[in-house]
Protein chains: 6
Amino acid sequence: MPTHTITRSYKFCAAHRLHTDQLPPDVNQKIFGKCNNANGHGHNYTVHVTVQGELNPETGLITDVDLLDRRVKELIVDRFDHQHLNCDPAFEHVVTTGENLAKLVWEILIDQIPSGRLAKIGVVETRDNFFEYIGNPQP
Amino acid sequence: MPTHTITRSYKFCAAHRLHTDQLPPDVNQKIFGKCNNANGHGHNYTVHVTVQGELNPETGLITDVDLLDRRVKELIVDRFDHQHLNCDPAFEHVVTTGENLAKLVWEILIDQIPSGRLAKIGVVETRDNFFEYIGNPQP
Amino acid sequence: MPTHTITRSYKFCAAHRLHTDQLPPDVNQKIFGKCNNANGHGHNYTVHVTVQGELNPETGLITDVDLLDRRVKELIVDRFDHQHLNCDPAFEHVVTTGENLAKLVWEILIDQIPSGRLAKIGVVETRDNFFEYIGNPQP
Amino acid sequence: MPTHTITRSYKFCAAHRLHTDQLPPDVNQKIFGKCNNANGHGHNYTVHVTVQGELNPETGLITDVDLLDRRVKELIVDRFDHQHLNCDPAFEHVVTTGENLAKLVWEILIDQIPSGRLAKIGVVETRDNFFEYIGNPQP
Amino acid sequence: MPTHTITRSYKFCAAHRLHTDQLPPDVNQKIFGKCNNANGHGHNYTVHVTVQGELNPETGLITDVDLLDRRVKELIVDRFDHQHLNCDPAFEHVVTTGENLAKLVWEILIDQIPSGRLAKIGVVETRDNFFEYIGNPQP
Amino acid sequence: MPTHTITRSYKFCAAHRLHTDQLPPDVNQKIFGKCNNANGHGHNYTVHVTVQGELNPETGLITDVDLLDRRVKELIVDRFDHQHLNCDPAFEHVVTTGENLAKLVWEILIDQIPSGRLAKIGVVETRDNFFEYIGNPQP
């Protein structure tokens with residue numbers, strides 16, 4: 001059966017620090033290296049939101065892109081842009097790795113897709129470091 | 001079983017307008033927003049053609065790239081480059097969305113792959129808007 | 001004397017057709033080739049606005065970036081995005097080449113720079129085609 | 001079940017020539033065209049290494065990135081960077097196509113992934129030519 | 001007289017916050033907007049170092065690139081990568097704008113160019129925000 | 001006086017080796033490092049050709065782009081694409097550095113610009129290594 005996807009990309013600039021209070025400082029340093037530096041660092045993040053859906057034969061669309069953009073802007077970009085990720089409540093006990101960020105974006109958006117369904121979240125942290133996450137579908 | 005793919009990218013510049021005569025003007029405007037503007041707009045389109053195939057152990061190739069390039073140039077690039085997509089016969093009753101463009105490219109190329117099989121079509125409309133389509137295999 | 005510049009990039013998608021009524025059709029076709037095709041084509045344009053200025057020692061800035069962004073959005077992006085350039089009054093008797101577009105952007109922005117002065121306009125038409133213009137300073 | 005991947009990109013510059021001694025010169029020329037030119041040519045290669053794994057709930061990681069980087073640097077980048085691929089023992093009887101290069105990188109790395117498992121190898125040969133390979137899992 | 005330049009690009013990830021203690025909080029907020037958010041944010045910075053020099057007719061080089069790379073790595077990348085710019089002593093009383101960062105890089109490197117002379121520093125903060133600085137030559 | 005430029009980009013893939021017979025092997029190795037490896041390596045080169053000219057008020061153009069493209073294709077791309085630069089007669093006694101390549105392209109094109117004048121040649125060797133050359137104008 002044919003498969004259509006659209007991937008929209010969104011950007012935000014944020015600071016973060018890889019660190020967990022569950023482990024002692026030297027273990028944090030060993031695991032996260034320079035990403036554990038005390039004052040944090042930052043990235044220009046790009047988030048790819050991939051929606052899969054059936055083609056509406058009349059409009060040629062699989063989802064309402066304007067509505068999707070508004071929701072991602074409100075729920076993701078406005079929340080994280082020009083912020084320190086470690087200060088976000090969702091990361092209070094969760095390390096701000098690309099893996100966890102992709103997972104969080106999935107969980108925030110899973111029931112917000114106007115039509116079609118969320119198929120994949122991608123997070124570009126640097127030009128040489130890219131994360132993808134496919135989570136559980138909406139219950 | 002191991003899987004080999006090659007993805008070749010092709011470019012064309014075209015105008016288009018998202019509009020369907022099947023719906024009244026105000027509904028077109030509501031659905032397509034500024035993409036429905038009367039005089040059209042345009043993009044630098046990039047089309048990704050992904051071919052999957054078995055490795056020829058002698059040549060190390062999965063398809064004949066020169067032949068593939070010639071066919072895509074003749075059937076896709078020469079047809080759409082520096083044209084208005086809405087003037088193409090295939091779009092007479094079909095909206096020129098990225099979804100439909102990806103589907104059309106699939107249908108044009110599905111029986112034109114020199115060896116191996118067409119696995120996916122990607123269409124880059126802007127740097128933040130990307131479509132993928134996997135259609136039915138060749139009958 | 002030290003020189004500081006900031007370059008901000010803005011994007012819009014537009015259709016255009018290279019054509020002048022001052023020349024007969026066959027000459028238009030000869031000069032502009034496929035860019036003269038009757039129904040037009042289009043691009044994802046990127047405009048680079050370069051401002052040169054003196055560093056404010058207190059703020060570390062050479063211009064008011066938010067104000068600059070608002071002005072470019074209002075005067076350039078909102079005017080040309082998702083439009084057909086040939087329908088713009090400024091191009092009624094002027095060919096919509098990259099050269100003329102860069103010149104027009106300069107003329108629109110020359111007296112709109114919050115502080116510092118406009119130093120250069122760049123227009124990216126395709127990934128392999130780039131125009132730059134430096135016009136007369138504000139009188 | 002949720003799926004996490006990380007893709008790390010690595011670069012090397014190398015020369016190569018598409019040629020096989022198993023075929024006569026005119027057949028090599030016919031199959032490989034200008035890529036068969038006697039003195040070879042070259043590329044800025046980018047290799048994408050995609051690792052899939054389970055999220056460590058404590059660290060938020062799926063693999064040890066520093067260790068992965070060290071192994072890819074030692075086993076891939078140091079071996080091929082600023083070299084002629086056809087002089088590598090692995091290519092003595094194997095054509096240096098993108099398909100074979102992706103396959104070789106897979107075979108070198110398949111049992112070197114610190115944790116998680118190798119999911120895909122990508123090879124960017126030029127901006128318009130991209131290869132992917134998914135091989136057999138580690139025995 | 002002919003002019004040769006080479007531009008090398010270097011990357012680092014850093015956090016920063018646009019803020020000056022010389023101005024009250026509301027003025028900081030008004031001037032720097034979201035860049036003034038208390039916890040900071042961050043970027044993937046790219047620094048372009050442009051060296052101009054005379055061509056050595058024997059080697060075809062204008063500077064010693066390996067030595068340049070080592071110095072930029074030691075003096076710029078190692079200093080700022082995975083750090084918070086506001087914690088750097090150079091920014092104790094200086095706002096961490098792109099303008100000031102470019103100027104600081106110039107001042108650090110001006111007397112460190114192996115041969116030839118420093119001609120320009122570029123700082124890419126985001127894909128749409130680029131700074132250039134040409135400072136005073138070495139005394 | 002206003003200044004218009006157009007920059008066209010062209011690509012070719014080539015092998016090269018930094019080496020000069022005028023110096024002993026150990027000095028070559030010391031100066032050129034891994035770029036001196038005996039079997040050579042290679043790059044995806046991009047050449048930027050910048051032409052400056054007066055705007056033709058009727059056509060809005062500063063040069064004949066099609067003619068420029070044909071000349072660069074014939075004189076540069078066809079000559080170097082899929083070749084080993086060191087085998088080119090121009091590099092018989094000249095090291096194939098980016099500096100010398102930019103200079104050679106200038107010298108080849110200086111009297112081939114359809115209208116306007118050659119203003120600059122850029123050579124992108126890798127994503128982090130860029131050369132520019134401005135030579136003597138045509139006599």
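The values are calculated or read from the model by the stated rules, or taken from the named source; none is laboratory data. Here the structure is a predicted model, which is why all the values come from computation and not from measurement. Neighbour counts are summed over all protein chains in view; Cβ atoms, including those assigned to glycine, are modelled from backbone coordinates with ideal geometry.
So B:LEU85 passes all but one of these: (1) within 22 Å of C:TYR45 (Cα to Cα); (2) over 13 Å from the mean Cα position of the chain (by Cα). Which condition number does it fail?
For B:LEU85, the failing item is (2).
For residues in region C:127-139 being of a type outside the set (Lys, Arg), within 10 Å of chain F (Cβ to nearest Cβ) and not in a strand (DSSP E or B), which is surrounded by the most Cβ atoms within 10 Å (Cβ to Cβ)? Write out each step before concluding.
First pass over region C:127-139, keeping only residues of a type outside the set (Lys, Arg): C:128-139.
If we keep only those that are within 10 Å of chain F (Cβ to nearest Cβ) as well, we get C:128-136.
Filter again for not in a strand (DSSP E or B), leaving C:128, C:135-136.
On the way: C:ASP128: 15, C:GLY135: 19, C:ASN136: 10.
For region C:127-139, the residue satisfying everything is C:GLY135.
Does B:HIS82 satisfy the criteria of being under 28 Å from A:LEU67 (Cα atoms) and either at pLDDT 95 or above or among the β-branched types (Val, Ile, Thr) (or both)?
Working: under 28 Å from A:LEU67 (Cα atoms): no; either at pLDDT 95 or above or among the β-branched types (Val, Ile, Thr) (or both): yes.
In short, no.
Can we say E:GLY33 is surrounded by fewer than 19 Cβ atoms within 10 Å (Cβ to Cβ) and either closer than 24 Å to F:THR97 by Cα or in contact with a helix residue (DSSP H, G or I) (Cβ under 9 Å, 6 or more places away or on another chain) (or both)? Break it down stepwise before answering.
Values: surrounded by fewer than 19 Cβ atoms within 10 Å (Cβ to Cβ): yes; either closer than 24 Å to F:THR97 by Cα or in contact with a helix residue (DSSP H, G or I) (Cβ under 9 Å, 6 or more places away or on another chain) (or both): yes.
Spelling it out, E:GLY33 is indeed surrounded by fewer than 19 Cβ atoms within 10 Å (Cβ to Cβ) and either closer than 24 Å to F:THR97 by Cα or in contact with a helix residue (DSSP H, G or I) (Cβ under 9 Å, 6 or more places away or on another chain) (or both).
If you go through region E:23-30 one residue at a time, do you hit one that is crowded, with 19+ Cβ neighbours inside 10 Å and either in contact (Cβ under 8 Å) with a residue 60 or more places away in the chain or in contact with a strand residue (DSSP E or B) (Cβ under 8 Å, 6 or more places away or on another chain) (or both)?
Quick first cut of region E:23-30, residues crowded, with 19+ Cβ neighbours inside 10 Å only: E:28.
Among the residues that remain, those that are also either in contact (Cβ under 8 Å) with a residue 60 or more places away in the chain or in contact with a strand residue (DSSP E or B) (Cβ under 8 Å, 6 or more places away or on another chain) (or both) are: none.
No, the conditions are met nowhere in region E:23-30.
Please determine whether any residue of region A:22-33 is touching an Asp or Glu at 6+ places or on another chain (Cβ under 9 Å), under 23 Å from E:LYS11 (Cα atoms), assigned to a helix (DSSP H, G or I) and more than 11 Å from chain E (Cβ to nearest Cβ).
Scanning region A:22-33 turns up at least one residue that is touching an Asp or Glu at 6+ places or on another chain (Cβ under 9 Å), under 23 Å from E:LYS11 (Cα atoms), assigned to a helix (DSSP H, G or I) and more than 11 Å from chain E (Cβ to nearest Cβ).
Taking the conditions exactly as written (over 12 Å from the mean Cα position of the chain (by Cα), within 14 Å of chain F (Cβ to nearest Cβ) and surrounded by fewer than 17 Cβ atoms within 10 Å (Cβ to Cβ)), does D:GLY42 satisfy them or not? Can you show your working first?
Working: over 12 Å from the mean Cα position of the chain (by Cα): yes; within 14 Å of chain F (Cβ to nearest Cβ): yes; surrounded by fewer than 17 Cβ atoms within 10 Å (Cβ to Cβ): no.
Considered against the rule, which asks whether it is over 12 Å from the mean Cα position of the chain (by Cα), within 14 Å of chain F (Cβ to nearest Cβ) and surrounded by fewer than 17 Cβ atoms within 10 Å (Cβ to Cβ), D:GLY42 comes out as no.
Between residues in region F:67-90 that are more than 14 Å from chain D (Cβ to nearest Cβ) and under 17 Å from F:HIS16 (Cβ atoms) and residues that are part of a helix (DSSP H, G or I) and at pLDDT below 95, which pairs lie under 7 Å by C-beta distance while being six or more apart or on different chains?
Every condition considered, no pair remains.
Considering only residues that are over 12 Å from the mean Cα position of the chain (by Cα) and polar (S, T, N, Q), which ones fall in region F:1-17?
F:THR3, F:THR5, F:THR7
For B:TYR45, are the conditions met, namely being among the aromatic types (Phe, Trp, Tyr), assigned to a strand (DSSP E or B) and within 26 Å of D:ILE31 (Cα to Cα)?
Numbers: among the aromatic types (Phe, Trp, Tyr): yes; assigned to a strand (DSSP E or B): yes; within 26 Å of D:ILE31 (Cα to Cα): no.
Criteria not met by B:TYR45.
For region A:105-126, does any single residue satisfy the condition of being in contact (Cβ under 8 Å) with a residue 24 or more places away in the chain, in a helix (DSSP H, G or I) and of a type in the set (D, E, K, R)? Write out each step before concluding.
Keep residues of region A:105-126 that are in contact (Cβ under 8 Å) with a residue 24 or more places away in the chain, which gives A:105-126.
Imposing the further condition that a residue be in a helix (DSSP H, G or I) reduces the set to A:105-109.
Pick out the ones that are also of a type in the set (D, E, K, R) and you get A:107.
Taking every residue of region A:105-126 in turn, at least one turns out to be in contact (Cβ under 8 Å) with a residue 24 or more places away in the chain, in a helix (DSSP H, G or I) and of a type in the set (D, E, K, R).
Spot the failing condition for C:LEU61; the list is (1) aliphatic (A, V, I, L, M); (2) surrounded by fewer than 18 Cβ atoms within 10 Å (Cβ to Cβ); (3) more than 14 Å from chain B (Cβ to nearest Cβ), and only one is missed.
Only one criterion in (1) aliphatic (A, V, I, L, M); (2) surrounded by fewer than 18 Cβ atoms within 10 Å (Cβ to Cβ); (3) more than 14 Å from chain B (Cβ to nearest Cβ) is unmet by C:LEU61, namely (2).
Does region D:5-17 include one or more residues that are of a type in the set (Lys, Arg), touching a Leu at 6+ places or on another chain (Cβ under 9 Å) and within 7 Å of another protein chain (Cβ to nearest Cβ)?
Looking through region D:5-17, at least one residue is of a type in the set (Lys, Arg), touching a Leu at 6+ places or on another chain (Cβ under 9 Å) and within 7 Å of another protein chain (Cβ to nearest Cβ).
Kindly indicate the residue of region C:106-126 that is of a type in the set (Asp, Glu) and farther than 22 Å from F:ALA119 by Cβ and also surrounded by the fewest Cβ atoms within 10 Å (Cβ to Cβ) among those meeting that condition.
Here is the first cut: in region C:106-126, the residues of a type in the set (Asp, Glu) are C:107, C:111, C:125.
Pick out the ones that are also farther than 22 Å from F:ALA119 by Cβ and you get C:107, C:111.
On the way: C:GLU107: 14, C:ASP111: 10.
Top of the filtered list is C:ASP111.
Could we say that A:LYS103 is within 14 Å of chain D (Cβ to nearest Cβ) and of a type in the set (Lys, Arg) here?
Numbers: within 14 Å of chain D (Cβ to nearest Cβ): yes; of a type in the set (Lys, Arg): yes.
Answer is yes for this residue.
Based on this model, can you work out whether B:ASN56 counts as within 8 Å of another protein chain (Cβ to nearest Cβ) and either more than 13 Å from the chain's Cα centre (by Cα) or farther than 24 Å from D:ASN100 by Cβ (or both)?
Details: within 8 Å of another protein chain (Cβ to nearest Cβ): no; either more than 13 Å from the chain's Cα centre (by Cα) or farther than 24 Å from D:ASN100 by Cβ (or both): yes.
Taking the combined requirement at face value, the residue does not satisfy it.
Take region A:45-58 and flag every residue that is more than 20 Å from A:ASP128 (Cα to Cα) and either buried (at least 21 other Cβ atoms within 10 Å of the Cβ) or among the small types (Gly, Ala, Ser) (or both). Break it down into steps so the answer makes sense when it comes.
The initial filter retains those residues of region A:45-58 that are more than 20 Å from A:ASP128 (Cα to Cα), namely A:50-58.
The answer is A:VAL51, A:GLY53.
When the residues of region C:1-22 are narrowed to those that are among the hydroxyl-bearing types (Ser, Thr, Tyr) and in contact with a strand residue (DSSP E or B) (Cβ under 7 Å, 6 or more places away or on another chain), which ends up surrounded by the most Cβ atoms within 10 Å (Cβ to Cβ)?
We begin by selecting, within region C:1-22, every residue among the hydroxyl-bearing types (Ser, Thr, Tyr); these are C:3, C:5, C:7, C:9-10, C:20.
Keeping just the survivors that are in contact with a strand residue (DSSP E or B) (Cβ under 7 Å, 6 or more places away or on another chain) gives C:3, C:5, C:7, C:9-10.
Values: C:THR3: 13, C:THR5: 22, C:THR7: 19, C:SER9: 16, C:TYR10: 18.
In this case the residue turns out to be C:THR5.
Inside region A:73-105, can you point out the residues that are surrounded by 20 or more Cβ atoms within 10 Å (Cβ to Cβ) and aliphatic (A, V, I, L, M)?
Of everything in region A:73-105, those that are surrounded by 20 or more Cβ atoms within 10 Å (Cβ to Cβ) and aliphatic (A, V, I, L, M) turn out to be A:ILE76, A:LEU85, A:VAL95, A:LEU101, A:ALA102, A:LEU104, A:VAL105.
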